[in-house]
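Peer 1: Quick one: the structure is below, and I'll ask about it shortly.
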Amino acid sequence: MTVSAGEHNTDDQALMARAYAQALVDQRFNLSAMDARATTTDARLAMDALEAGDGLLLMALYRGQDPVSADWDALVALAQRDLPTYGPDIEAAPAWSRLRDFPYREGRAFAQALFEAEGWEAIDRAYSDPPRSTEQVLHPERYLGRRDEPSWITLPDLRRTLGPGWTLIAQDTLGEFVFGLYLEQTLSGNLAW
């Protein structure tokens, strides 16, 4: 985290409040252990969304902003100001931008839905029982109400079909958000999502 020397402005104070709160969350819920349980890209994005969304919600409230009318674009930009960059070609790609912003934008909406439903208690419970998929983040009612747990799809062994020379090098669960990004590359937004 980078803050200016001397007097701290409201942005710096909000960032420091978020960092302090995240340290307390880590102390109480052991975020490293939670991260270790998020074994897929989809689960990792869902966990990141809870953490980033909680931090943004806290920043808005710290600054005295009503979550309904807060300047979320400014808060997202502030929260992301110390993120690394990966060069102009990657940064300009719409899919990369959406993926980078997911924890902040969709995570904020998820955290806000929890907060509006049951206050900080709901967010604390989410750290004890985190969302397991980006679907639950994108559709908070599928987390808050009757849970829609991730479905596992087992693909058949394709080695015979593919022939010699093919080797499985990675296996992962992408989930609704990443799959939507993939579909959005070839389909209109309405069809992809």
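The values are calculated or read from the model by the stated rules, or taken from the named source; none is laboratory data. Because the structure is a prediction, the values reported are computed rather than measured. When we count neighbours, we look across all protein chains shown, and the Cβ atoms used for this are built from the backbone with ideal geometry, even at glycine. Note: accessible area is taken over every heavy atom of the protein model, side chains too, but ligands, DNA and RNA are not part of it. Shrake-Rupley method; radii C 1.70, N 1.55, O 1.52, S 1.80 Å.
Peer 1: In whole percent, how big is the carbon plus sulfur part of the accessible area of the range 1-134, probe 1.4 Å, protein atoms only?
Peer 2: Values: 3610 of 6870 Å².
Carbon and sulfur: 53 percent of the exposed surface of the range 1-134.
Peer 1: Taking the Cα centroid of the range 81-99 and of the range 154-193, what is the distance between the two, rounded to the nearest whole Å?
Peer 2: Each part's Cα centre sits 22 Å from the other's.
Peer 1: About the Cα centre, and with charges only on the beta carbon of Lys, Arg (+1) and Asp, Glu (-1), how big is the dipole of the range 14-129? Nearest 20 debye, please. Kindly include the intermediate steps, with their values, before the conclusion.
Peer 2: Working: 11 positive and 19 negative charges, 35 e Å.
Once rounded to the nearest 20, the dipole reads 160 debye.
Peer 1: Describe numerically, in nm with one decimal, the distance between label points set 7 Å from Cα along Cα→Cβ at Leu183 and at Glu121.
Peer 2: Modelled inter-label distance: 3.7 nm.
Peer 1: Normalised by the number of residues in the chain, what is the relative contact order in percent for Cα pairs under 8 Å and 6+ residues apart? Could the numbers behind the result be given before it?
Peer 2: Details: 178 pairs, mean separation 50.2, N = 193.
For the chain, the relative contact order is 26 percent.
Peer 1: Determine the dipole magnitude for the range 104-193: charges of +1 sit on the beta-carbon of Lys and Arg, -1 on that of Asp and Glu, nothing else is charged, the reference point is the Cα centre, and the result goes in debye to the nearest 20. Before the final figure, lay out each step's value.
Peer 2: On the way: 9 positive and 14 negative charges, 76 e Å.
Approximately 360 debye in magnitude.
Peer 1: Roughly how many whole Å is it from the C-alpha centroid of the range 6-39 to that of the range 105-139?
Peer 2: Each part's Cα centre sits 16 Å from the other's.
Peer 1: Hey, with R₀ at 35 Å, roughly what FRET efficiency would Tyr62 and Asp89 work out to, going by the Cβ-Cβ distance, to 0.05? Before the final figure, lay out the partial values.
Peer 2: Details: r = 36 Å, r/R0 = 1.03.
Using R0 = 35 Å, I get an efficiency of 0.45.
Peer 1: Also: Determine the relative contact order of the range 90-193: mean sequence separation of Cα pairs under 8 Å and six or more apart, normalised by residue count, in whole percent.
Peer 2: 21
Peer 1: Using the charge dipole of the chain (Lys, Arg: +1 at Cβ; Asp, Glu: -1 at Cβ; taken about the Cα centre), state which of Thr154, Gln65, Trp120 has its Cα farthest towards the positive end.
Peer 2: Selected residue: Thr154.
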